[in-house]
1. Tell me which residues come under 5 Å, amide H to amide H, from Val336 once H is placed; ignore anything under 5 positions away on its chain.
2. What is the distance in Å between the Cα centres of the range 188-206 and the range 101-132?
3. Accessible area per residue for the chain in Å², computed with a 1.4 Å probe and the full protein assembly in place, what is it?
4. Taking H placed 1.01 Å from N in the peptide plane, check which residues at least 5 places from Arg271 or on another chain put their amide H under 5 Å from its amide H.
5. In whole angstrom, note down how far apart the Cα centers of the range 142-167 and the range 239-282 are.
6. How far apart, in nm, are the 7 Å Cα→Cβ label points at Asp93 and Arg351?
7. Can you give the Rg to Rh ratio for the range 172-233, taking only C-alpha atoms and Rh from Kirkwood?
8. Take the chain, connect every pair of alpha-carbon atoms lying under 10 Å apart with a spring to form a Gaussian network, then pick out the residue of Val76, Val273, Val133 with the largest mean-square fluctuation.
Amino acid sequence: MRSPSSLSQIPTPALIADVAALDRNIARMAAFFANGPCQLRPHFKAHKTPAIARRQLAAGSCVGLTCATVSEAEVVADVCEDVLIANEIVSPDKCARVAALARHRAVTVAVDSIAGIEAVADAARQAGVAIGVLVDVNVGQGRCGVEPGDATVALARCVASTSGLTMRGVMGYEGHLQPVRDRAEREARTRAAMRDLVETAKEIRAVGLPCEVVSSGGTGTYDISGRVEGVTEIQAGSYALMDIDYSSVGVPFEQAFFVLGTIVSRPSPERCVADCGHKSMTKGATVTALNDEHAVLAVPTSCTLSIGDRVRLIPSHTDPTVNLHDVFYAVEGERVVDVWPIAARGYAEHRQ
């Protein structure tokens, strides 16, 4: 099948990326980290697309890429030599895959338990490689991570004394603060969370252990955490494409991707229906109802949309929307300039 050359030729529902807006977002974030000790480690899970990752790396200010899963890391290994899997990897099969990557890439994983340390170390020793480790610190989100202070120092000692592992530092994600809309509150709470993380890193160094990496941050806090002394890298990802959730926080990035749909019904002057439902996007504030295959839109009676017209819908959350699609159609205006495979969508280990 020939690739479409214009928006009107794209089969819907589909994801489209506004190339100019995407590049402006990437450049804006790279410029923020161009000077100073803190750098950017863009989170690949937001778009899962090598073509976008290459643009982020080419823009500069990056120390590598962040991934959420081993499958993502296996994809980005083709475009990046330094990969952080910002997650706990504990199953033997996944640890073996991480060790395989570490044969030709610098790979770092997060740990928050002795069991996790042992699992990764066993795989590293069997493969004859060294795998980097960040101790995951709970800075308030209440998800993974050990508590700041003594508990983290104790785990760092264990990492440093375990063959097959390289103690690299700490990681603490203030994910619970990303959506806080009040800037003053978001800043105060983020600084407090980073204070715990940075102080814990100092405690690790004070007992003679290495801790060169202090990794944190996201799109909602990049300009707060990224200016805290002692934080060395920020794991922001959604800034490249953006969504309703982050737009509501007031960060200075523009919408760069959309779900393209076709109007399939106009049953009343106040309502029309597009062919992009739950299976093509996550819940969105621009629709009144979202079903499996349909998005119901409330429109003014003066709206001229009719059956067959194309609409662009803004997703509320980038990551799960991207994960539903196979490709991005890269567009400039009405013209399709490229088609980018979303190579890390889903779970590759289940595909034959």
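1. HN-HN under 5 Å from Val336: Ser6, Leu7.
2. Computed from Cα coordinates, the inter-centre distance equals 25 Å.
3. Accessible area per residue: 42 Å².
4. Val299
5. One Cα centre to the other: 42 Å.
6. With each label placed 7 Å out from Cα toward Cβ, I get 1.7 nm.
7. 1.01
8. Residue with maximal mean-square fluctuation among Val76, Val273, Val133: Val273.
The values are calculated or read from the model by the stated rules, or taken from the named source; none is laboratory data. As the structure is a computational prediction, the values presented were derived from the model and not from experiment. Neighbour counts are summed over all protein chains in view; Cβ atoms, including those assigned to glycine, are modelled from backbone coordinates with ideal geometry. SASA here: full protein model, heavy atoms, side chains in, ligands and nucleic acids out. Shrake-Rupley method; radii C 1.70, N 1.55, O 1.52, S 1.80 Å.
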